[in-house]
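Asker: First the structure, then my questions, so here it is.
The values are calculated or read from the model by the stated rules, or taken from the named source; none is laboratory data. Remember, it's a predicted structure, so these values are computed and weren't measured experimentally. Positions of Cβ are backbone-derived with ideal geometry, glycine not excepted, and every protein chain shown enters the neighbour counts. The area values use the complete protein model at the heavy-atom level, side chains included, leaving out ligands, DNA and RNA. Shrake-Rupley method; radii C 1.70, N 1.55, O 1.52, S 1.80 Å.
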Amino acid sequence: MTKVTVLMPVYNGELYLREAIDSILDQTFQDFEFLIINDGSTDSTREIICSYDDPRIRLIDNDYNLGLTRSLNKGLKLAEGEFIARQDADDISEPERLAKQVAFLETHPEVALVGTWYKDIDPQGSLIGECNLPCNSIQIRWDILFYCPFVHSGIMFRKYTIGKHIGFYNEAFSYAQDYDLWWRIARHLQVANLNEYLIKLRINPCSMTATYGNIVDDEPLQIKCNNIGHLLGWEKAKAWSDGVFFKAMTLLWIGTPDELKDLNLQYLNQTIEEIFKIHQDFCNYYNLDREECKKHRNQVSTQLINQLLELAYYYLEQDKYNTWQLLNRAFCLNFRILLTKKVMRLFLKLIIGSRLVREIQYITQEKLKLEQN
């Protein structure tokens, strides 16, 4: 039996296809088939695939364009590998990606799916940044409430286990089919991410929005509602179905200060309180013991504190009142942050630059002038 099937549907992907194919054929791990589904392409996609003389490539031509989700499910039915590795036609796998993911799954039989950290590249292939994702099941299950903590092009999973216990991609989703499948898997089975950058993800948001339109926002929101519905009950999910509160929680969890600045302090405090309520239900749902729950709550507090401090620094020069309020909220989460260098620097900047200190300095200077006269 073939160890790995690398599954890659492609539709009119001529621009970056050769880079993607080469990155798989150049893998240090060799026991794989490369199952490419040509989804009715009208450009030179098929010619590029056929230009390779490599027996590991299996080309399947769809009679017409089925779309990504249906093509993925078609490929899963045809796949002969024990493990399924995904690859997108515009992304690049590092040479040791398959070897490291296979080794992890073989030494961690309890894990059904493993992803990897990744690097963002622009359409020209230049590095934009790096993305670190949560690595253990508890943290992934928590983060998946707010965003998708896997990169589709970087996952590998056990075909039999997923097919038997979870099922494959939900064809009701045309854009976020991966997010939907990952959260269904994470609810029931162990998942992980490798803390290595084994994928280069090509970022081209304009084409994505042009292709999927409002679905880019609508489908992830539906998945978050489904997840919250299982965790907290469907009444809560229905109340949040407009997406406003989900957006606030996601921003507070992973947003930049520039994105967070639109949340007023009152709403920000409400969001923090709601996150901790969700955390308690989360611990109960996944049967975390007392120590696990305490440890994860501390991790949640630390992340929220870091976000508050980043926002406090953002406001430092323009709104010192907000800075004080954000610092106070962070202290309430964990007073020990007073001992950190980052907070001490911020605290000193606030004191030195405060209006009160400036007024004291002015009065002192005026008094000295009078005494000299």
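Asker: Yes or no: Leu288 more than 18 Å from Lys247 (Cα to Cα), at pLDDT below 75 and either over 25 Å from the mean Cα position of the chain (by Cα) or among the aliphatic types (A, V, I, L, M) (or both)?
Answerer: no
Asker: Out of curiosity, is Leu76 in contact with a Lys or Arg (Cβ under 8 Å, 6 or more places away or on another chain), closer than 21 Å to Val151 by Cα and open to solvent by less than 40 Å² (accessible area, probe 1.4 Å)? Outline the logic, then answer.
Answerer: On the way: in contact with a Lys or Arg (Cβ under 8 Å, 6 or more places away or on another chain): yes; closer than 21 Å to Val151 by Cα: yes; open to solvent by less than 40 Å² (accessible area, probe 1.4 Å): yes.
So Leu76 passes the test.
Every residue, every condition in (1) over 21 Å from Leu72 (Cβ atoms); (2) surrounded by 16 or more Cβ atoms within 10 Å (Cβ to Cβ); (3) modelled with pLDDT of 95 or more; (4) touching a Ser or Thr at 6+ places or on another chain (Cβ under 8 Å), yes or no:
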| site | (1), (2), (3), (4) |
| --- | --- |
| Pro9 | no, yes, yes, yes |
| Leu17 | no, yes, yes, yes |
| Ser23 | no, yes, yes, yes |
| Gln27 | no, yes, yes, yes |
| Glu33 | no, yes, yes, yes |
| Ile37 | no, yes, yes, yes |
| Thr45 | no, yes, yes, no |
| Cys50 | yes, no, yes, no |
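Asker: Another question, then. For the range 126-182, give me each residue that is open to solvent by 20 Å² or more (accessible area, probe 1.4 Å), aliphatic (A, V, I, L, M) and more than 16 Å from Leu201 (Cβ to Cβ).
Answerer: Residues satisfying the conditions are Ile138, Ile166, Ala172.
Asker: Might you check whether a residue that is part of a helix (DSSP H, G or I) and farther than 21 Å from Ile254 by Cβ occurs anywhere in the range 312-321? Full working, then the answer.
Answerer: The initial filter retains those residues of the range 312-321 that are part of a helix (DSSP H, G or I), namely 312-315, 320-321.
Those still in the list that are farther than 21 Å from Ile254 by Cβ too: 320-321.
Checked the range 312-321: at least one residue is part of a helix (DSSP H, G or I) and farther than 21 Å from Ile254 by Cβ.
Asker: Taking the conditions exactly as written (over 18 Å from Leu145 (Cα atoms), open to solvent by less than 90 Å² (accessible area, probe 1.4 Å) and out of contact with any Phe, Trp or Tyr (no Cβ under 9 Å at 6 or more places or on another chain)), does Ala312 satisfy them or not?
Answerer: Working: over 18 Å from Leu145 (Cα atoms): yes; open to solvent by less than 90 Å² (accessible area, probe 1.4 Å): yes; out of contact with any Phe, Trp or Tyr (no Cβ under 9 Å at 6 or more places or on another chain): no.
In short, no.
Asker: A follow-up question, please. Could you pull out every one of the helices (runs of 4 or more DSSP H) wholly within the range 1-120 that has 1 or more residues that are in contact (Cβ under 8 Å) with a residue 24 or more places away in the chain, under 26 Å from Gln190 (Cα atoms) and polar (S, T, N, Q)? Break it down into steps so the answer makes sense when it comes.
Answerer: Numbers: elements: 17-25, 45-50, 68-78, 97-107.
Qualifying helices (runs of 4 or more DSSP H): 68-78, 97-107.
Asker: Of the conditions (1) open to solvent by 10 Å² or more (accessible area, probe 1.4 Å); (2) out of contact with any Cys (no Cβ under 9 Å at 6 or more places or on another chain); (3) of a type in the set (Phe, Trp, Tyr), Trp117 clears all except one; give me its number.
Answerer: Failing condition for Trp117: (2).
Asker: Considering only residues that are open to solvent by 40 Å² or more (accessible area, probe 1.4 Å) and in contact with a Gly (Cβ under 9 Å, 6 or more places away or on another chain), look in the range 183-202 and name the one that is farthest from Asp88 (Cα to Cα). First the steps, then the outcome.
Answerer: First, pick out the residues of the range 183-202 that are open to solvent by 40 Å² or more (accessible area, probe 1.4 Å): 184, 187-188, 190, 195-197, 200.
Right, trim to in contact with a Gly (Cβ under 9 Å, 6 or more places away or on another chain) and you get 184, 200.
On the way: Arg184: 21, Lys200: 10 Å.
Selected residue: Arg184.
Asker: Can we say Ile140 is of a type outside the set (Asp, Glu), at pLDDT 95 or above and either in contact with a Pro (Cβ under 7 Å, 6 or more places away or on another chain) or more than 30 Å from Met1 (Cβ to Cβ) (or both)? Please lay out each step first, then the result.
Answerer: On the way: of a type outside the set (Asp, Glu): yes; at pLDDT 95 or above: yes; either in contact with a Pro (Cβ under 7 Å, 6 or more places away or on another chain) or more than 30 Å from Met1 (Cβ to Cβ) (or both): yes.
Yes; evaluated as a whole, the condition is true for this residue.
Asker: Filter the range 238-249 down to the residues that are surrounded by 18 or more Cβ atoms within 10 Å (Cβ to Cβ) and of a type in the set (A, V, I, L, M), then identify the one that is farthest from Gln266 (Cα to Cα).
Answerer: Met249
Asker: Now, a different point. Can you find a residue that is surrounded by fewer than 18 Cβ atoms within 10 Å (Cβ to Cβ), touching a residue at least 60 places away in the same chain (Cβ under 8 Å) and among the polar types (S, T, N, Q) anywhere in the range 267-276?
Answerer: Checked against the condition, which is being surrounded by fewer than 18 Cβ atoms within 10 Å (Cβ to Cβ), touching a residue at least 60 places away in the same chain (Cβ under 8 Å) and among the polar types (S, T, N, Q), the range 267-276 yields at least one hit.
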